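Trainee: One structure follows; several queries about it will come next.
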Amino acid sequence: MRKSYICLGLILAICIAVFVLPAFPSCPLNALMNWGLVAGVLATLTIVAFYFEFEMVALSSKEIALVSMLGTISAVLRIPFTAMPGVQPCTFLVICSGYVFGPVAGFMVGAMTALVSNFFLGHGPWTPYQMFAWGLAGVTAAYIGRFNLGRIWLVIFGIAWGYLYGVIMNAWFWATFVYPLTLRTFVVTETNSLWFDTFHAIGNAIFLGLFGVKTIAILDRFRKRFNWGLASEPTGTPLPV
Amino acid sequence: MIRMDSLTFCYSGASIPALKDINLEIGDGEFVLVTGPSGGGKSTLCRCLNGLIPHFHGGRITGRVEVGGLDVIKHPTKELATTVGMVFQDPENQLVAMDVEREIAFGLENLAFPRDVIAKRIEESLDTLGISSLRYRPLHELSGGEKQKVAIASILALHPDIVVLDEPTSELDPKGAEEVLSIVERLNDELGITVVLIEHRLDRVIHLVDRVIVMHEGRAIADGGARDIFDNGEIADIGVGIPPIIKLVQKLKQKGVSLDNIPLTVKEGRVMLEKVFRERGRKTLPQDERVKGKPIIEIENLWHVYPQGLTALKNVSLRICEGEFVAIMGRNASGKSTLVKHVNGLLKPTKGRVRVAGIDTREATIAEMAQRVGYVFQNPNDHLFADTVQEEVAFTLKNLGYRGREIASRVDEMLERFNLKEYSRQYPRSLSGGERQRVALASVLVAHPQVLILDEPTRGMEYRLKSELMQFLEEYRDRGNTVILVTHDVETVAEHADRVILLGEGRVVVDGSKRDVLSQALLFSPQVNRLVQAFEKYGVPGDILTADEALDLLI
Amino acid sequence: MISFRYQDKGTAIHKLNPFCKLAWICGVLVLALLFDNPLYLLALFVSTLPLVWAARVGKEWASIMKLSLYLCLLVIVINALVSNQGSHVLYQFPFHIPIWGTPKITLEAILCGIGNAVRLTAIISAFAILTLTLHPDNLMLAMIKMKLPYKSVLVTSLATRFVPTLIDDIGTITDVQQSRGLELNKGGLRQKIRGRMTIIIPLLSNSLDRTFQVAEAMESRAFGNGAKRTFYNRIGMSAVDIAILAFLFLLLAMGISMSLLGQGEYSYYPTLGGMNIGLLEGLMLSILALLLFMMLPLAYLKRRIDLD
């Protein structure tokens, strides 16, 4: 079975685990489960699954160097650019990377963003969820890229991810630290960072609206120069001689 | 043993081949220097030796390359790793691990050596390069020279027969460069490794090598011993930077002075030219006194302490006038960059005062200072972000609050002056290195600053671009502006600057005219001055700095 | 200059086997999520403090913990606001929201929030210790030994390696653009973002150029050779390390069985539960506490053996 289906299954499982089930207190599963724990294990498994997927598709030093460099850039943008609360240039870069280089690279860049920057900012229980959230932003961006959707979609997508990132981070927070787990507590937890997420979304929209096309062009120019060979792209290296 | 038979290579997407019909043979244990102007095919040639071409960079290749009995076209780079080791230009980009030990282990691990062999090889290569004290140090704390040594160690650990170095010193300061080159010499001399070195600063290496290959437009236009190569004057015309002593001897020969050989070191030069100087060198040179304008930069008792607690400048007082061409020199971390960053307000004094054109930098923003002080950084790529050259240049004016027609006319003027008109709609990053440098300059000078600061502009720059840049700076200065050049490049300073300020440990050590500072100095003397110092007993003026001055004296 | 949170201080905790640290953090995390009893959680938090002291990272630890204050406050406020349960009503809002009912703040809800805040503090404290004492490279090494695929781990390690380089790059490019009159903090959000982009784009393009060279350098050193790669660095497993791991597993097993027995549970609603700890529970709790504190003396023992 393709590893990506496993990834997809895991993502689905997490969504059900942290979003859907606990919100229905009558479900008997709730009595048995510790949702905070479950969500953590599943997020970690997803990351591991993508690590394995990347191992399968990364062919050479080129892909490895590129994905790590994009991850570094994105991580670095998270560190000194915290001057504007909520506005995160790294989300923008993760989205552009996923758009150009496909879902697996997108996930890896997103995951690197959180993992690497936290060596500097401080790791915490949030690390796997940040990796998961940004990784997912990269994966989904790949589909925008695959259908060649334009600027308007990028902006909408950026706004959506501004909020979705918040939703994922809050869901973790909610499942772990809020009691009882009901729809009502969920809604309130989700709204606590509304202000922050709105800034994130606006930031994404401006970044993607003004510079999305340009950044994608830069990455795309590079991809062509590089004979990028990841994930079902035709590897068009002209043979020597 | 390296053999190339009618090798032609064309990068994919390029219309002109980067290498044309190369036939070469390099024997075991040879020390070969590859030089020539940029874009001549030096790097391409070297990348053919370990199979990066054609396996990594796609393209069309014809002919044959054989290295140590292996056909490069059939064997990818990773199989050639134990035969050919490659050291690259920027040490930063070839190190992949976090500390020195792991870095050296990386290649060995890839080749699946057992642990005990790796341990032995690490020990060996650390000792050979004399860097065992760095073993557990994180790489990002090392200096450029140290990093480059680690890169060489990591290659050496694979026990290659051939080491190829692609401009290994161009990102380093003179001390680092010297250390790296002496190591390279030892590799060849003591370990018998074949060395292929790309370098454009010939004065550093010319006496070490057995053979020189000059690449120009994809062809090897000259190939032979160093003395033979420089005997014909043609290679100077294609933009190879000839060391000043050799230049002097070449010119003397052209003027009919009979000299039977080309000197490769200062010592050889002294022996060879002693007679010439004894007979003719008694003239005095006309003193070139420049009229100074009124002071434009006034620095009074400047101290700077960085937030981490490092005191970078200690009580510096300076006065720089309009129309001066000042070079600021000194070791790494002697405070050069810190000092000039105060002039345009990037840094503010911890104590003391900096005034430029009467404005106290503490009371002005960097943007306000940008109207008066232009600052060009080493890497032009750091300047470039816009889609077209025109936008790039206009950006500075927009920042400074100019609007509409004013912008258009000033940008046009700049593009005209820097010969960039034809590229105005092009993407700046697709231009060549020299053109990018001009765009960076234009983007700073469009604000019409009275002071221009350049931080290490010539590091790693080939000869032709360097002289182009210097010519421009002199023009700019002649219009009454001030140029401040931060540099390690003694020869450039000797030729173009008026005044030299030498910093050490954050203090001004010497400040005076270039003749006073650069002549009779040990480390900071240009080649020709070191030559002339020996002839003072014959009445030769001791403050001659450049080949042209020496020539004026002798002819 | 921003630097790694990790600084090698050479203490027993820094020298501890990375597996032990990872197992420990898992242990703390699981226990923190299993137990609800605030006393248990407090004990868990307290158990991390000796490690902070032993690793001599007090100042750095405190700076990370400061960030968690905001989160703690959030936990308390959210729990207090959202819960309609609890019998001791402290304040009833004077309005009514349809479907929702009348919001009120109860003593139980606030205490529930405080309990969860303690849980959060314990977890963050443990992670802070991990960040401050585990070298990123050792984490990578542990990941490889745990059979995570090498290329993916290499990506992580490369990305970490280039962070200082790129931070320097950002510094230079910022200087460049400021020298050209860019004012980073002028104007509205849109203009600020435009300003940021004049730094991000050169950074991106320069770094992509670096990528080429990095890949070339890796190829030149036989990366992807096909042979099964060996690893020079390894994580030494001494008897003490195994002992620590065994203790940690024991700890985990204890914790889970206690949780299954219903110990460590606590209910805030409708009224605060009592804190009666029975004989068995008390016994198990003391064993648990003992296990939690075992790490430190064992770490010292390991250091002593290493030094000899």
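Quick note: the coordinates plus some simple rules give every number you see, no bench work behind them. Model, not experiment: these values are computed from the prediction. In this analysis, Cβ positions are derived from the backbone assuming ideal geometry, glycine residues included, and neighbour counts consider all displayed protein chains.
Trainee: In the stretch B:295-337, which residues have a backbone nitrogen under 20 Å from the label point lying 7 Å from B:Leu523's Cα in the Cα-to-Cβ direction?
Mentor: B:311-314, B:327-337
Trainee: Quantify how much of the Cα-Cα distance distribution of the stretch B:2-241 extends past 30 Å, in percent. Can you show the working numbers first?
Mentor: On the way: 6836 of 28680 pairs.
The proportion of pairs with Cα distances above 30 Å equals 24 percent.
Trainee: Is the C-alpha gyration tensor of chain C telling us rounded, prolate or oblate? Criteria: a/c under 1.5 is rounded; beyond that, a/b larger than b/c is prolate, otherwise oblate.
Mentor: Details: a/c = 2.52, a/b = 1.25, b/c = 2.02.
Oblate.
Trainee: Could you work out the per residue convex hull volume over the alpha carbons of the stretch B:295-529, in cubic angstrom? Please report the intermediate quantities before stating the final value.
Mentor: Details: hull volume 29.3 nm³, N = 235.
Residue-normalised Cα hull volume stands at 125 Å³.
Trainee: When only alpha-carbon atoms are used, what values of Rg and Dmax, in angstrom, describe the stretch C:242-308?
Mentor: Considering the stretch C:242-308 through its Cα atoms, Rg and Dmax are 16.2, 59 Å.
Trainee: Which residue, C:Val57, C:Val118, C:Val155, tops the fluctuation ranking in a GNM of chain C built on C-alpha contacts under 10 Å?
Mentor: Answer for the Gaussian network model of chain C: C:Val155.
Trainee: Loop-only chymotrypsin sites (Phe, Trp or Tyr not before Pro) in the stretch B:282-391, please: DSSP not H, G, I, E or B, and at most 10 other Cβ atoms within 10 Å. Spell out each step's value before the answer.
Mentor: Working: sites: B:Trp303, B:Phe325, B:Tyr375, B:Phe377, B:Phe385; in loops: B:Phe377, B:Phe385.
Hits after loop and neighbour filter: nothing returned.
Trainee: Can you bin the stretch C:148-220 into rounded, prolate or oblate? Criterion: square roots of the alpha carbon gyration tensor eigenvalues sorted a ≥ b ≥ c, rounded for a/c under 1.5, prolate for a/b above b/c, oblate for the rest.
Mentor: Values: a/c = 3.24, a/b = 2.29, b/c = 1.41.
Because a/c hits 1.5 or more and a/b exceeds b/c, the stretch C:148-220 counts as prolate.
Trainee: Which residues does a label at B:Asn301 reach in the stretch B:343-369, if reach means a backbone N under 16 Å from a point 7 Å past the Cα toward the Cβ?
Mentor: B:349-355
Trainee: Hey, another quick one. Can you pull out the chymotrypsin sites (Phe, Trp or Tyr not before Pro) in the stretch B:49-139 that DSSP calls coil and that have at most 16 other Cβ atoms within 10 Å? Don't skip to the end; give the middle numbers.
Mentor: On the way: sites: B:Phe56, B:Phe88, B:Phe106, B:Tyr136; in loops: B:Phe88, B:Tyr136.
Here the chymotrypsin sites (Phe, Trp or Tyr not before Pro) that fit, given the DSSP loop and packing criteria, are B:Tyr136.
Trainee: If Rh is defined by the Kirkwood formula over all Cα pairs and Rg also comes from Cα, what ratio Rg/Rh do you get for the stretch B:201-344?
Mentor: Values: Rg = 22.5 Å, Rh = 19.8 Å.
On the Cα set of the stretch B:201-344, Rg over Rh gives 1.13.
Trainee: What is the mean number of Cβ atoms from other protein chains located within 10 Å of the Cβ atom of each residue in peptide B:97-107, rounded to a whole number? Display every interim value, and only then the final one.
Mentor: On the way: counts 7, 11, 4, 0, 2, 8, 2, 2, 4, 8, 7.
Mean shielding count: 5.
Trainee: Continuing with this model, one more query. Assuming R0 = 45 Å, can you tell me the calculated FRET efficiency for the pair B:Ile16 and B:Glu279, based on Cβ-Cβ distance, to the nearest 0.05? It would help to have the intermediate numbers written out before the result.
Mentor: Values: r = 51 Å, r/R0 = 1.13.
Between B:Ile16 and B:Glu279 the formula returns 0.35.
Trainee: Okay, helix-only estimate at 222 nm for the protein assembly as shown: each DSSP H run of n ≥ 4 adds -39500 (n - 2.57), divide by all residues, round to 500 deg cm²/dmol; what do you get? Provide the component values of the computation, followed by the final result.
Mentor: Working: 41 runs with 595 residues, N = 1104.
Rounded to the nearest 500, the figure is -17500 deg cm²/dmol.
Trainee: Now for a separate question. Please report the antiparallel percentage of DSSP beta bridges with both residues in the protein assembly as shown, rounded to the nearest 5. Please list the in-between numbers first.
Mentor: Values: 45 of 80 bridges.
Percent antiparallel among DSSP bridges in the protein assembly as shown is about 55.
Trainee: Using a Förster distance of 45 angstrom, determine the FRET efficiency expected from the C-beta separation of C:Ser267 and C:Ile242, and round it to 0.05. Working shown, then result.
Mentor: Values: r = 39 Å, r/R0 = 0.87.
Once the sixth-power term is evaluated, E becomes 0.70.
Trainee: Now a separate question. Per-residue mean of other chain beta-carbon atoms within 10 angstrom of the beta-carbon, peptide B:486-499? Walk me through the numbers before you get to the answer.
Mentor: On the way: counts 0, 0, 0, 0, 0, 0, 0, 0, 0, 0, 0, 0, 0, 0.
Across B:486-499, the average partner-chain Cβ count within 10 Å equals 0.
Trainee: Need one word for the stretch B:322-416: rounded, prolate or oblate. Basis is the Cα gyration tensor (sqrt eigenvalues a ≥ b ≥ c); a/c below 1.5 gives rounded, then a/b vs b/c decides. The partial results should precede the final answer.
Mentor: Values: a/c = 2.18, a/b = 1.58, b/c = 1.38.
In terms of gyration-tensor shape, prolate.
Trainee: Quick one: if you stick a label point 7 Å off each Cα along the C-beta vector at C:Met146 and B:Arg227, how many nm between them?
Mentor: According to this spin-label approximation, the distance is 6.7 nm.
Trainee: State which stretch of chain C is the longest one without any exposed chymotrypsin sites (Phe, Trp or Tyr not before Pro), exposure meaning a DSSP loop state and at most 16 other Cβ atoms within 10 Å. Numbers along the way, then the final one.
Mentor: Details: sites that count: C:Phe95, C:Trp100, C:Phe231.
My reading of the result: C:101-230 is the longest stretch.
Trainee: Sticking with this structure for a sec: Round to the nearest 10 and give me the degree value, 0 to 90, for the angle of helix B:404-417's Cα axis relative to the longest principal axis of chain B.
Mentor: The helix B:404-417 is inclined about 60 degrees to chain B.
Trainee: Over the alpha-carbon set of the stretch B:205-279, divide Rg by the Kirkwood Rh and report the Rg/Rh ratio to two decimals.
Mentor: Working: Rg = 12.9 Å, Rh = 13.1 Å.
Taking Rh as the inverse mean 1/r over Cα pairs, Rg/Rh reads 0.98.
Trainee: Using a 10 angstrom Cβ neighbour count of at most 13 plus a DSSP loop assignment to flag exposed trypsin sites (Lys or Arg not before Pro), which longest range of chain C is free of such sites? Don't skip to the answer; put the middle values down first.
Mentor: Details: sites that count: C:Lys147, C:Lys186, C:Lys228, C:Arg234.
Answer from the scan: C:1-146.
Trainee: Follow-up. For the protein assembly as shown, take the alpha-carbon Rg, divide it by the Kirkwood Rh, and send me Rg/Rh.
Mentor: Working: Rg = 32.8 Å, Rh = 32.5 Å.
Over the Cα atoms of the protein assembly as shown, Rg/Rh equals 1.01.
Trainee: Here's another thing I want to ask about it. Averaged across the residues of B:372-385, what count of C-beta atoms belonging to other chains lies within 10 Å of each residue's C-beta?
Mentor: Working: counts 0, 1, 2, 5, 3, 5, 2, 6, 2, 6, 12, 7, 6, 15.
Per residue, the number of nearby Cβ atoms from other chains is 5 on average.
Trainee: For A:Leu59 paired with B:Arg186, estimate the spin-label separation in nm (one decimal), with each label point 7 Å from Cα along the Cα-to-Cβ line.
Mentor: Each label point is offset 7 Å from its Cα along the Cβ direction, giving 4.2 nm.
Trainee: Same structure again: For the pair B:Asp552 and B:Glu505, what calculated FRET efficiency results from E = 1/(1 + (r/R0)^6), where r is the Cβ-Cβ distance and R0 = 51 Å, to the nearest 0.05?
Mentor: Values: r = 38 Å, r/R0 = 0.74.
That pair, B:Glu505 with B:Asp552, gives E of 0.85.
Trainee: GluC sites (Glu not before Pro) within the stretch B:122-208: which are DSSP loop residues with at most 10 other Cβ atoms inside 10 Å? Walk me through the numbers on the way to the answer.
Mentor: Working: sites: B:Glu123, B:Glu124, B:Glu141, B:Glu146, B:Glu171, B:Glu178, B:Glu179, B:Glu185, B:Glu190, B:Glu199; in loops: B:Glu171, B:Glu190, B:Glu199.
Here the sparse-neighbourhood loop sites are B:Glu190.
Trainee: So in the stretch B:409-555, what percent of DSSP beta bridges are antiparallel if you round to the nearest 5?
Mentor: On the way: 6 of 11 bridges.
If I count the DSSP bridges inside the stretch B:409-555, around 55 percent turn out antiparallel.
Trainee: Using alpha carbon centroids, what distance separates the stretch B:2-66 and the stretch C:248-308, in Å?
Mentor: 68 Å
Trainee: I'd like the Kirkwood hydrodynamic radius of the stretch C:208-288, using the inverse of the mean 1/r over distinct C-alpha pairs, in Å. Write out the running numbers ahead of the final one.
Mentor: On the way: mean 1/r = 0.0544 Å⁻¹.
For the stretch C:208-288, inverting the mean 1/r across all distinct Cα pairs yields 18.4 Å.
Trainee: Sticking with this one: Defining a contact as two alpha carbons under 8 Å apart and six or more residues distant in sequence, what relative contact order in percent does chain B show? Walk me through the numbers before you get to the answer.
Mentor: On the way: 1067 pairs, mean separation 76.3, N = 555.
RCO, chain B: 14 percent.
Trainee: Rounded to a whole number of µm²/s, how large is the Stokes-Einstein D of the stretch A:60-226 at 37 °C and 0.692 mPa s, given Rh as the Kirkwood radius over C-alpha pairs?
Mentor: Numbers: Rh = 16.0 Å.
This corresponds to a translational diffusion coefficient of 206 µm²/s.
Trainee: Right, another one. Considering only DSSP beta bridges whose two residues both sit in chain B, what percent are antiparallel, to the nearest 5? Walk me through the numbers before you get to the answer.
Mentor: Numbers: 41 of 76 bridges.
Of those bridges, close to 55 percent are antiparallel.
Trainee: Just the number, please: Stokes-Einstein D of chain B in µm²/s, Kirkwood Rh from C-alpha pairs, 37 °C, 0.692 mPa s.
Mentor: For the chosen part, D equals 128 µm²/s.
Trainee: Give me the number: length gained by fully extending C:Tyr70 to C:Leu307, i.e. 0.36 nm times residue separation minus the C-alpha to C-alpha distance, one decimal in nm.
Mentor: 81.1 nm
Trainee: Roughly how many nanometres apart are two label points built 7 Å out from the Cα toward the Cβ at B:Ser432 and C:Lys15?
Mentor: 6.0 nm
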